[in-house]
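Presented below is the structure to which this report refers.
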Amino acid sequence: MDLSAINPVLLIASLMVAATPLLLAGIGELVVEKSGVLNLGVEGMMITGAISGFAIAVETGSPWLGFLAAAAGGALLSLLFVLLTQVALANQVASGLALTLFGLGLSALMGQGYVGIKPPQIGRLDIPVLSDMPVIGPILFGHDPILYLGIAIVAGVWALLKYTRAGLILRAVGESHDAAHALGYKVVRIRTLSILFGGACAGLGGAYISLVRVPQWTEGMTAGVGWIALALVVFASWKPWRVMLGAYLFGGITVLQLNLQAAGVAIPVEYLAMSPYLITILVLVILSKDKSSAPASLGRIFHASR
Amino acid sequence: MIVLEKRPQPSRFWSYATPVAAVLATMVFGGLLFAALGKNPAVAIGTIFWDPLFGEFAFYYRPQILVKGAPLVLIAIGLSLGFRAGIWNIGAEGQYIMGAIAGAGVGLAFYPLEAWYIFPLMVLGGALGGWAWAMIPAVLKVRFGTNEILVSLMLVYVAEQLLASMSLGLMRNPEGHGFPGSRNLQQYESAHNGELIAGSGMHWGVAAAFIAVIFAYVLLNRHMLGFHIRLTGEAPRAARFAGVRPSRLILFCLGVSGALAGLAGLFEVAGPAGQITIDFNIGYGFTAIIVAFLGRLHPVGILLAGGLMALTYIGGEIAQGNLGLPAAAIQVFQGMLLFFLLALDILTNYRIRPRKSEVA
């Protein structure tokens, strides 16, 4: 065992990369849940985004178009969730599960010709002086643009929810859809837009795994990241910056775990690979006492009787 | 314009008709999917639904329906109890794995002793393994209010890692020339869950599935506990006034579904699968969720739905061989079924009416 082989600067830099899929999916789901909808289909939307992004990036040679396609793919799949829960008024838990099962199958079907191919790489930020600075350079200025986009989305969502009228309406719909409806807000329309936004974010997160983090396509490659993102929203008590904090925490655990595997720690690989899931459970247990911050209408079906 | 009007009571007709309509809609849209993949849709649908039952090699495929259907029904029966009460165990896949590991562990511990009591002990071990794994989300929910959906699902990934570790380490066959995987229980007389009647596909897991259906039916229709489960799902407030203790219900529902999933895993590992391997689990725990909903959370419905879903598995395999239909296409097909089911369910609870014109 050689722990000195783990370089802390590289560790932090790769932690940020590992955290970005979680961050993107988590912030999307946060908006969805803030509007009072529980979409358990994050895993399905992520994996669909992962393959749509991968396929388009390979076909066109442009990772940018890939990410665009991933967002579109995730949003398109979430449209099915809209149809089920907002139009057909189906149970949200069951519909979310359906979305995940369907997404896993669909992505496997779409990805058949893409196993073992290398996707085009997205360039890294390279600012002459800043990116070459010893410690700060690789951590703050040496990443790909999507990573920064993720952080920008978090800031945007935070500002939207806290300072704008649209954010206030979104929260009102999530807290009490009946009251919001009585005030004349279009509950279904607002929720539809939120769900689509969540789908697009999840799709981006999935594509980040297949295009940047791994980068390759394998069936079921999201391996539960979508579910961890759901837990992350609970962990964050529905607060945007805490989603980021949580994502970096989980990213850190994932990267550390991989580094320990590489360093040859005496713990078997399988037990190290379990750790992110076990820690998710542990965090859920610690934080589940406080449910006060959950949107009051979360998961409830809205039907305007008149 | 049309409006939805909530029915005072769910429609009896539509509650029976929606699963059938959903299957038909899935066949139509599945056919379109197969056509898009360049296969003749009529032939593909026929291969999936007709050939296993009445085709040339039906004598071989019919028993397979029991083999594939049994774990699905066994797991779905357990899940349906919780789903009715709003307790969402979606980690049956993990409980299935743990049941298999625990049950096979008991059997392997006795190897090479031959005795009549080994298989019953393995069954007990399998049920306990699944039960214990389901008790983790149950106890956490009762004690700390933790979300059982996320915990039970996280434990699936943990169980998969444990399965890998077992088949590479502790349970690896010492005479297996270093290949991963345990000893084959099919070659160990006392531990083998063989066919009860040769060539019928009937093994102890199938028997257990039928027994579970009967027990669930009696429980839900003739027993106080079953009434409490239904009451909690349909009117949680009324249930509390009626003296239902939610925490006991959570422990019961998750415990039973875990034990049944564990049993399914044990019967699979001791029978059709034969050994603990890295890729032992093939998603029965997730497909069982579709089965539970397709059967409308009713024991008899689940029995029928399990049969149908087993049919798509076997028909899918045939279509894979004969038509080159990708395995993933069947997965999409099954997912589609759940979509249509949930979407069409609106007809059960709502009436669709044209909007009345305003009175001038």
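List of remarks:
- Number of the condition not met by B:Ala191 [criteria: (1) buried (at least 17 other Cβ atoms within 10 Å of the Cβ); (2) in contact (Cβ under 8 Å) with a residue 12 or more places away in the chain; (3) closer than 30 Å to B:Trp88 by Cβ]: (3)
- Boolean, A:Pro295 is within 10 Å of chain B (Cβ to nearest Cβ) and either surrounded by fewer than 18 Cβ atoms within 10 Å (Cβ to Cβ) or within 16 Å of B:Asn147 (Cα to Cα) (or both): no
- Top-ranked residue of the range B:112-125 - restricted to ones that are loosely packed, with under 15 Cβ neighbours inside 10 Å and not charged (D, E, K, R), ranked as nearest to the other protein chains (Cβ to nearest Cβ): B:Pro112
- Consider the range A:242-277 and keep the residues that are more than 10 Å from chain B (Cβ to nearest Cβ) and in a loop (DSSP other than H, G, I, E, B). The one that is surrounded by the most Cβ atoms within 10 Å (Cβ to Cβ) is A:Val265.
- Those residues of the range A:74-128 which are small (Gly, Ala, Ser), within 12 Å of chain B (Cβ to nearest Cβ), touching a residue at least 40 places away in the same chain (Cβ under 8 Å) and farther than 24 Å from B:Ile87 by Cβ, in sequence order: A:Gly103, A:Ser107, A:Ala108, A:Gly111
- One residue alone among B:Leu128, B:Leu150, B:Leu74, B:Leu140 is modelled with pLDDT of 90 or more, part of a helix (DSSP H, G or I) and within 14 Å of chain A (Cβ to nearest Cβ), and that residue is B:Leu140.
- Taken over the range B:48-89, the criterion of being of a type in the set (Val, Ile, Thr) and under 16 Å from B:Gly255 (Cβ atoms) is satisfied by B:Ile75, B:Ile77, B:Ile87.
- Among the conditions (1) basic (Lys, Arg); (2) crowded, with 18+ Cβ neighbours inside 10 Å; (3) farther than 29 Å from B:Tyr157 by Cα, B:Arg240 misses just one, which is (2).
- B:Gly178 meets each of the listed conditions (1) at pLDDT below 80; (2) assigned to a helix (DSSP H, G or I) apart from (2).
- Search result, residues across the range B:189-218 that are out of contact with any helix residue (DSSP H, G or I) (no Cβ under 7 Å at 6 or more places or on another chain), assigned to a helix (DSSP H, G or I) and small (Gly, Ala, Ser): B:Ala207
Every residue, every condition in (1) at pLDDT 90 or above; (2) surrounded by 17 or more Cβ atoms within 10 Å (Cβ to Cβ); (3) β-branched (Val, Ile, Thr), yes or no:
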| residue | (1), (2), (3) |
| --- | --- |
| A:Gly123 | no, no, no |
| A:Ile127 | no, no, yes |
| A:Pro138 | no, yes, no |
| A:Asp144 | no, yes, no |
| A:Ala155 | yes, no, no |
| A:Ala179 | no, no, no |
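- When the range A:224-241 is filtered for residues that are over 13 Å from the mean Cα position of the chain (by Cα) and either within 13 Å of another protein chain (Cβ to nearest Cβ) or of a type outside the set (A, V, I, L, M) (or both), the ones remaining, listed by number, are A:Val234, A:Phe235, A:Ser237, A:Trp238, A:Lys239, A:Trp241.
The values are calculated or read from the model by the stated rules, or taken from the named source; none is laboratory data. Not measured: the values here are computed from a predicted model. Don't worry about glycine lacking a Cβ; one is built from the backbone with ideal geometry, like all the others, and counts go over all protein chains shown.
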